[in-house]
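Undergrad: Pasting a structure below so you can have a look.
The values are calculated or read from the model by the stated rules, or taken from the named source; none is laboratory data. Small disclaimer: the values here were computed from a predicted structure and weren't measured. Here the Cβ positions follow ideal geometry from the backbone for every residue, glycine too, while neighbour counts run over all protein chains shown.
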Amino acid sequence: MKDIGRIINEALEKIKNADVAALENIKTEYLGKNGVLTQILKSLSSRSIEDKKRIGSEANNAKSVIEVEIESKKENLKKALLDEKMREEKLDCSKSLYFPFSKGSFHPIIQTIQDINVVFKSLGFAVAEGPEIETEWYNFEALNIPESHPARDTQDTFYLEGMKALLRTHTSPGQIHVMEKHKPPIRVIVPGKVYRNEASDATHFSTFHQVEGLVVDENVTFADLKAVVSDFIRKFFGSDIGMRFRPSHFQFTEPSAEVDMQCVFCKGKGCRLCKSSGWIEVLGCGMVHPNVLKSVRYDCEKYTGYAFGLGVERITMFKRGIDDIRLLYENDLRFLKQF
Amino acid sequence: MKISYNLLKEFVDFELSPKDVASTLTSIGIEASVVSQGCGWTDVVTVKVLNVQKHPGADKLSLCGVSDGIKEYSIVCGAKNIASGQTVPLAKIGAVLPGNFEIKKSKIRGVDSQGMICSEKELGIKEESEGVFVLDEKTKIGLPLENVLEGMDSVLEIEITTNRGDCLSHLGIAREIGAKLRKVVSVPQVKVLKKLPVLNCVEIKSNLCKRYIGSVISGVKVGASPKWLADVLAKSGTRLINNIVDITNFVMIELGQPLHAFDITKLSSKKIIIREASDLEKITALDGKEYKLDSGMLVIADEQKPVAIAGVMGGEFSGVDGNTETIFLESAIFDAASIRKTSKKLNLSSDSSYRFERGLGWDIAELALWRAANLITEIAGGKQEALEDLHAIKYERTKIALRVERVSKILGYTVEENEIGEILRFLGIDLQPRGEVILCTIPSWRNDIKIEVDLIEEIARIKGYDGTPTSKTHADYAYTLNNSFLSAIIEEFRTRLNGLGFSEALNCSFLEIAELEKFGLKHYYKIANPISKENEVLRSSLLPGLFKNLTLNISQGAETVTLFEHGKIFAESGERKTFAAIMYGRVWHEWWKWTEQKISLKFDFYFGGGIIKNILPSEEFMIAENLTPSSYFHTGKTASILFRGKVIGRFGIVKPSLTSDIKDEVFYFEMDLEPVENICVKKTSFYKAYSKFPAVKRDVSVTADKSLQFAKIEEVIKNVAKSGGILKEYSLFSAYGDETKLGEGKIGYSFRLSYKNDEKTLSDKEVNDDVEVLLNKLDSDLGVKLRQ
């Protein structure tokens, strides 16, 4: 009878070099009904109790050692087989560019509005909306634009037939609606569609979008306005962008300012996009005119505020290099799918 | 308006270059740019020659050291006349000379040259010249060459905001620069003849005329203007007429007051009446065109007919011509709004109306009359005979109390009281300090300054917006989330459809009536004053716009068009937020992997409906039969969407008669979002623990009467699934309509039922029993039987 230790070594040696079929044979040879170890165990009946105990446990131990080794070898062979198969399965990855399903797109104007909303929300602004059909009071009078003012020219405003109503020419009526419904402090932006009755060309279209902003509270100053507007421009266009505030005129703000940003294409040197000035107009703003506060019965001694307005098309066209506003409203998929 | 740099300098003393003048003006609110430098070069400055040495590598060249007073430059020069001590023009690196010749950094015979000393020929001043251009030795160095040469002048284009009519003149612009630089502006000195007789022939009959000054000058000789005058007008882009008219135009661009001169002998009477026109009156203006006047338009008239449209344009018949000897010179203040209305109505605007519309200075009117009268007698000869100055109103300068403390309250930074005083005084405002308050008397030309905050703007504006402090952004405001259910739904629609390959469209809100009528839609809002047919009415549905987009894209060769849009429609009940989607064509593109099993599924009623079902945000939205006939849907392929039992949307296939020239069916969906606005309870989905035991699936095929609505069958299954039993999920995987196999009037459906128990693995018997219960219920309730 062979020494059990030798049997194990012999078996392990065989397992080392075996393939799947050989493993089955080895299993039968050692562990099968007539296997070497089974035979040893069977033969124990004629031995002393001490021998039974000693050899029996050694043989059982050997069985499990060999069994474990066979299983682990099997596992390894399976892995090696799959690895080998995998090495043969090389696909041409370039073909994955083609897929029967195209991706969707969001309209660039809506994207810009949402981006603006996100920045102003982070600056503590709420978002409100207002009606597109307005009265002269909301669109003009309440905003300190008297009847004789050039902005009231009928040719710029769409009036509705048979009713005393018009399509808002700016989002500024939103200021009035918000102030009528709420008491200060107010900190809100009003994005929306606006309308101008003018012939369309590459930079003009009858329908476009603005985002209005309004802050009213005690002790709101021009320095606060500068802070929020600068913050917005840096967050929206980049922290290294040059900008300037220059005095301007709007009926509903005083003092008024226009904010220019350094042309991002020529870095201020002057190019076609900035009409060689090096600057791009981004928004108009100012301190809310006391007459506007009076029109909503706010105490204009106690409260001050600022307002600003951005042209969404302008910013979008500038940011995306779109040279004709009408492209935005044609909805040609060759255009839309780019965004 | 165009401004001459040289003329500007006559009003205020400054050393800014034209470019700096432009940027200074822009910084105080008057957009300005240099449109012409009056020279063919840029970046040529005056320098002093410090030393001249021989070029180490070339006999005919010299090496010069020059200075512009700040920096020294080393220049290689070939001219023989160069000598130290001279003042010469240096074209710096980057300068451009006539002929688009750019000066670049260069090495000449091994030595660096930092620019080029120019000759008159190189500068384009003379045809021929020898040697470098040696300037007068007293010439200041470091200045742009064009600013030190006689006869060179830059022209600035300025753009004013509507409230600043006072800046439409050289004097006005000079006042702004003076205020910024704290320099006193010199106003042209005029000789006022105190003892002139009163003219006594003017009568103001309308309150639209505020002030009217008229003067008669006799014995004038009409001819061409002298060169200086012609030059100034040419730079401002004014057409030359004759010396009299040119002088009135000159005074207008100089002082801002439009003047009118006419031949008084051509009038039918000596009487001049300022009145509103009558409705049938006509006048042929100086442009040779005839204008129909009406009441509300102010005219200057003799006793019979209008002589001029006040403030807008003179009449042709009374114009000053070569034979004119006696002229009537007018300087007036008319109502700005009235002039604007007249100009718009007649579609006639002029430099004069442009200024009247923006308001004029009460005092300037008088100054301008004298200035023009002086110039006329000086240039055209003649004698000022008589004068009349009528005031229809009692004019008083505006007085405003400015609280010093209010300045910092509005601006957010402190401006010292003496700085406030200085700025306001240089703007021509008279100040009387009264303790905490400064009483400000506004000059007549600044009719835009009406209240305290206007003064505060002046202070901020002249101080400059850019240098002033910026406060820290308030971060302590509560962030208010715009969290309405509605905006959540719109976002859900948008992102889900985007994920399905849809593109977002944005259409304008206008349509032609015919575009709506095509779909049987009505319009409720008609534009009263559209400039084109495209803007006739407001859309009452998003369909016409999206349909137009669809046909455009099909014509561009698109095989799949899936678009969505949200925006306002203008319905009978007012403006309503609406969401819509249109689907057309192939669901899938061709794919190389699918060559064997060609998949060419098109968007149809069920596929589109499935998409809509999947984007609806909660179970409160239900799909039901469309019971109200619709003007544009296929009558048999349409459904409605219910929200809390009310119809809020519809979808279906667009009527075949509307899409006959399109290959495939068009699916359209439109939903009114207004009813779901302000319902702030977006249903949150709670996590439900799912069974860890495997599901058992059973396929069941049934037959039903064709007339039985599928929803009825579904409802029975749904109720069982909802009852908390072991049936958890179900789906319809086949619908089968072969009546030869099923029997007449029958339809077959196959369901996949999925059974689960949360606590244990189900036995076959348990599942079979449950299927049996369901089948019995279908049979007893609806007569739907298991297919044999």
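Undergrad: Just to be sure before I move on: is B:D779 more than 26 Å from B:S707 (Cβ to Cβ) and assigned by TED's automatic domain parsing to the domain that holds B:E715 in the structure I sent?
TA: Answer is no for this residue.
Undergrad: Hey, another quick one. Can you pull out the residues in the stretch B:524-568 that are surrounded by 20 or more Cβ atoms within 10 Å (Cβ to Cβ), in a loop (DSSP other than H, G, I, E, B) and free of Cβ contacts under 8 Å to residues at least 60 places away in the same chain?
TA: B:Y525, B:R539, B:S540
Undergrad: Next up: Specify which of the listed residues (B:F426, B:F356) is closer than 26 Å to B:T162 by Cβ and either outside the structural domain of B:V222 (by TED's automatic domain parsing) or in contact with a Leu (Cβ under 7 Å, 6 or more places away or on another chain) (or both).
TA: Numbers: B:F356 fails: either outside the structural domain of B:V222 (by TED's automatic domain parsing) or in contact with a Leu (Cβ under 7 Å, 6 or more places away or on another chain) (or both).
Sole residue among the options that is closer than 26 Å to B:T162 by Cβ and either outside the structural domain of B:V222 (by TED's automatic domain parsing) or in contact with a Leu (Cβ under 7 Å, 6 or more places away or on another chain) (or both): B:F426.
Undergrad: While we're here: In the stretch B:120-146, what residues are crowded, with 21+ Cβ neighbours inside 10 Å and in a loop (DSSP other than H, G, I, E, B)?
TA: Filtering the stretch B:120-146 down to residues crowded, with 21+ Cβ neighbours inside 10 Å leaves B:122-123, B:132-133, B:144-146.
The answer is B:E122, B:L123, B:V132, B:F133.
Undergrad: Okay, moving on. Can you tell me which residue within the stretch B:299-315, out of those that are over 21 Å from B:L360 (Cβ atoms) and in contact with an Asp or Glu (Cβ under 8 Å, 6 or more places away or on another chain), is surrounded by the fewest Cβ atoms within 10 Å (Cβ to Cβ)? Give the derivation first.
TA: So the first thing to find is which residues in the stretch B:299-315 are over 21 Å from B:L360 (Cβ atoms), and the list is B:301-306, B:315.
Among the residues that remain, those that are also in contact with an Asp or Glu (Cβ under 8 Å, 6 or more places away or on another chain) are: B:305-306.
Details: B:K305: 16, B:P306: 26.
Only one residue fits best here, namely B:K305.
Undergrad: Right, next: Among the residues of the stretch A:232-258, write down those that are under 30 Å from B:K450 (Cβ atoms) and touching a residue at least 40 places away in the same chain (Cβ under 8 Å).
TA: Result: A:Q251, A:F252, A:T253.
Undergrad: I've got another one for you. Residues to consider are A:P131, A:P146, A:P185; find the one that is under 16 Å from A:V292 (Cβ atoms) and either buried (at least 17 other Cβ atoms within 10 Å of the Cβ) or within 12 Å of chain B (Cβ to nearest Cβ) (or both). Give the steps one after another, and end with the answer.
TA: Working: A:P131 fails: under 16 Å from A:V292 (Cβ atoms); A:P185 fails: under 16 Å from A:V292 (Cβ atoms).
Going through A:P131, A:P146, A:P185 in turn, just one is under 16 Å from A:V292 (Cβ atoms) and either buried (at least 17 other Cβ atoms within 10 Å of the Cβ) or within 12 Å of chain B (Cβ to nearest Cβ) (or both): A:P146.
Undergrad: Show me the strands (runs of 3 or more DSSP E) entirely contained within the stretch B:316-408 in which 1 or more residues are touching a residue at least 24 places away in the same chain (Cβ under 8 Å), away from chain A (no Cβ under 14 Å) and crowded, with 16+ Cβ neighbours inside 10 Å. Explain how you work it out, then say what you get.
TA: On the way: elements: B:327-334, B:383-391, B:399-403.
The qualifying strands (runs of 3 or more DSSP E) are B:327-334, B:383-391.
Let's see how each residue does on (1) hydrophobic (A, V, I, L, M, F, W, C); (2) more than 30 Å from the chain's Cα centre (by Cα); (3) more than 10 Å from chain B (Cβ to nearest Cβ); (4) within 24 Å of B:N535 (Cβ to Cβ):
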residue: A:H209; (1), (2), (3), (4): no, no, no, yes
residue: A:D217; (1), (2), (3), (4): no, yes, no, no
residue: A:F232; (1), (2), (3), (4): yes, no, no, no
residue: A:S239; (1), (2), (3), (4): no, no, yes, no
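Undergrad: Then there's this: Which residue out of A:K95, A:K78 is of a type in the set (D, E, K, R) and either outside any helix (DSSP H, G or I) or in the same structural domain as A:T38 (by TED's automatic domain parsing) (or both)?
TA: Values: A:K95 fails: either outside any helix (DSSP H, G or I) or in the same structural domain as A:T38 (by TED's automatic domain parsing) (or both).
Being of a type in the set (D, E, K, R) and either outside any helix (DSSP H, G or I) or in the same structural domain as A:T38 (by TED's automatic domain parsing) (or both) holds for just one of A:K95, A:K78, which is A:K78.
Undergrad: Test B:I247 against the stated conditions and say whether it is in a strand (DSSP E or B), over 33 Å from the mean Cα position of the chain (by Cα) and among the β-branched types (V, I, T). It would help to see each step written out before you state the result.
TA: On the way: in a strand (DSSP E or B): no; over 33 Å from the mean Cα position of the chain (by Cα): yes; among the β-branched types (V, I, T): yes.
The answer is no for B:I247.
Undergrad: Looking at B:K92, B:K105, which one is over 30 Å from B:G467 (Cβ atoms) and away from chain A (no Cβ under 14 Å)? Full working, then the answer.
TA: Numbers: B:K92 fails: over 30 Å from B:G467 (Cβ atoms).
It is B:K105.
Undergrad: Could you list, in sequence order, the residues of the stretch A:32-46 that are surrounded by 14 or more Cβ atoms within 10 Å (Cβ to Cβ) and not in a helix (DSSP H, G or I)?
TA: Those that are surrounded by 14 or more Cβ atoms within 10 Å (Cβ to Cβ) and not in a helix (DSSP H, G or I): A:G32, A:G35.
Undergrad: Return the residue satisfying two criteria in turn: it lies in the stretch A:1-31 and is under 60 Å from the mean Cα position of the chain (by Cα) and β-branched (V, I, T), and of such residues it is surrounded by the most Cβ atoms within 10 Å (Cβ to Cβ).
TA: Filtering the stretch A:1-31 for residues that are under 60 Å from the mean Cα position of the chain (by Cα) and β-branched (V, I, T), the one surrounded by the most Cβ atoms within 10 Å (Cβ to Cβ) comes out as A:I15.
Undergrad: I'd like to know if the stretch B:635-645 contains one or more residues that are within 22 Å of B:N498 (Cβ to Cβ), touching a residue at least 24 places away in the same chain (Cβ under 8 Å) and crowded, with 19+ Cβ neighbours inside 10 Å.
TA: Going through the stretch B:635-645, the residues within 22 Å of B:N498 (Cβ to Cβ) turn out to be B:641.
With the extra rule that they be touching a residue at least 24 places away in the same chain (Cβ under 8 Å), the set shrinks to B:641.
Checking which are crowded, with 19+ Cβ neighbours inside 10 Å leaves us with B:641.
Taking every residue of the stretch B:635-645 in turn, at least one turns out to be within 22 Å of B:N498 (Cβ to Cβ), touching a residue at least 24 places away in the same chain (Cβ under 8 Å) and crowded, with 19+ Cβ neighbours inside 10 Å.
Undergrad: Another question, if that's okay. How about the stretch A:96-128: which of its residues are more than 24 Å from the chain's Cα centre (by Cα) and facing another protein chain (nearest Cβ under 7 Å)?
TA: Kept after step one, since they are more than 24 Å from the chain's Cα centre (by Cα), are these residues of the stretch A:96-128: A:96, A:98, A:100.
Scanning the stretch A:96-128 gives A:Y98, A:P100.
Undergrad: Continuing with the same structure: With respect to A:F339, is the statement that it is in a loop (DSSP other than H, G, I, E, B) and modelled with pLDDT of 90 or more true? Give the derivation first.
TA: On the way: in a loop (DSSP other than H, G, I, E, B): yes; modelled with pLDDT of 90 or more: yes.
It is true that A:F339 is in a loop (DSSP other than H, G, I, E, B) and modelled with pLDDT of 90 or more.
Undergrad: Give the residue, chosen from A:K193, A:K226, that is buried (at least 19 other Cβ atoms within 10 Å of the Cβ), at the interface with chain B (Cβ under 10 Å from one of its Cβ atoms) and farther than 23 Å from B:D454 by Cα.
TA: On the way: A:K226 fails: farther than 23 Å from B:D454 by Cα.
A:K193 is the lone residue from the list that is buried (at least 19 other Cβ atoms within 10 Å of the Cβ), at the interface with chain B (Cβ under 10 Å from one of its Cβ atoms) and farther than 23 Å from B:D454 by Cα.
Undergrad: Counting only residues that are assigned to a loop (DSSP other than H, G, I, E, B), under 22 Å from B:R406 (Cα atoms) and in contact with a strand residue (DSSP E or B) (Cβ under 6 Å, 6 or more places away or on another chain), how many does the stretch A:242-301 have? Walk me through how you get there before you give the answer.
TA: Kept after step one, since they are assigned to a loop (DSSP other than H, G, I, E, B), are these residues of the stretch A:242-301: A:242, A:251-252, A:263-278, A:289, A:296-301.
Those left that are additionally under 22 Å from B:R406 (Cα atoms): A:251-252, A:289, A:296-301.
Within this subset, residues satisfying the condition of being in contact with a strand residue (DSSP E or B) (Cβ under 6 Å, 6 or more places away or on another chain) are A:289.
Counting residues in the stretch A:242-301 that are assigned to a loop (DSSP other than H, G, I, E, B), under 22 Å from B:R406 (Cα atoms) and in contact with a strand residue (DSSP E or B) (Cβ under 6 Å, 6 or more places away or on another chain) gives 1.
Undergrad: Okay, next question. Kindly provide the set of residues from the stretch B:405-427 that are closer than 29 Å to B:F11 by Cα and out of contact with any Gly (no Cβ under 9 Å at 6 or more places or on another chain), ordered by number. Spell out the reasoning first.
TA: Pass one, the stretch B:405-427, residues closer than 29 Å to B:F11 by Cα: B:415-427.
Correct list: B:V415, B:E416, B:E417, B:N418, B:E419, B:I420, B:G421, B:E422, B:I423, B:L424, B:R425.
Undergrad: Starting from the stretch B:451-474, keep only residues that are within 13 Å of B:E422 (Cα to Cα) and more than 7 Å from chain A (Cβ to nearest Cβ), then list their pairs with residues that are outside any loop (DSSP other than H, G, I, E, B) and small (G, A, S) whose Cβ atoms are within a distance under 6 Å, requiring at least 6 positions of separation or different chains.
TA: Pairs found: B:I462/B:A179.
Undergrad: Now a separate question. Just for the stretch B:43-87: of the residues that are of a type in the set (S, T, Y) and surrounded by 17 or more Cβ atoms within 10 Å (Cβ to Cβ), which one is nearest to A:S256 (Cα to Cα)?
TA: Taking the stretch B:43-87 as the starting set, the residues that turn out to be of a type in the set (S, T, Y) are B:46, B:62, B:67, B:73-74, B:84, B:87.
Then drop every residue that is not surrounded by 17 or more Cβ atoms within 10 Å (Cβ to Cβ), which leaves B:46, B:62, B:73, B:87.
Details: B:T46: 40, B:S62: 57, B:Y73: 45, B:T87: 46 Å.
Looking at residues that are of a type in the set (S, T, Y) and surrounded by 17 or more Cβ atoms within 10 Å (Cβ to Cβ), I get B:T46.
Undergrad: I would also like to ask the following. Might you check whether a residue that is surrounded by fewer than 15 Cβ atoms within 10 Å (Cβ to Cβ), away from chain A (no Cβ under 11 Å) and touching an Asp or Glu at 6+ places or on another chain (Cβ under 7 Å) occurs anywhere in the stretch B:497-515? Working first, answer last.
TA: Keep residues of the stretch B:497-515 that are surrounded by fewer than 15 Cβ atoms within 10 Å (Cβ to Cβ), which gives B:499, B:513-514.
Within this subset, residues satisfying the condition of being away from chain A (no Cβ under 11 Å) are B:513-514.
Then drop every residue that is not touching an Asp or Glu at 6+ places or on another chain (Cβ under 7 Å), which leaves B:513.
Yes, the stretch B:497-515 contains a residue that is surrounded by fewer than 15 Cβ atoms within 10 Å (Cβ to Cβ), away from chain A (no Cβ under 11 Å) and touching an Asp or Glu at 6+ places or on another chain (Cβ under 7 Å).
Undergrad: Here's a follow-up. Just wondering, is there one or more residues in the stretch B:569-591 that are part of a strand (DSSP E or B), within 9 Å of another protein chain (Cβ to nearest Cβ), surrounded by 19 or more Cβ atoms within 10 Å (Cβ to Cβ) and among the aromatic types (F, W, Y)?
TA: Yes, the conditions are met somewhere in the stretch B:569-591.
Undergrad: Checking A:E180 against (1) more than 21 Å from B:Y524 (Cβ to Cβ); (2) at the interface with chain B (Cβ under 8 Å from one of its Cβ atoms), which single condition isn't satisfied?
TA: (2)
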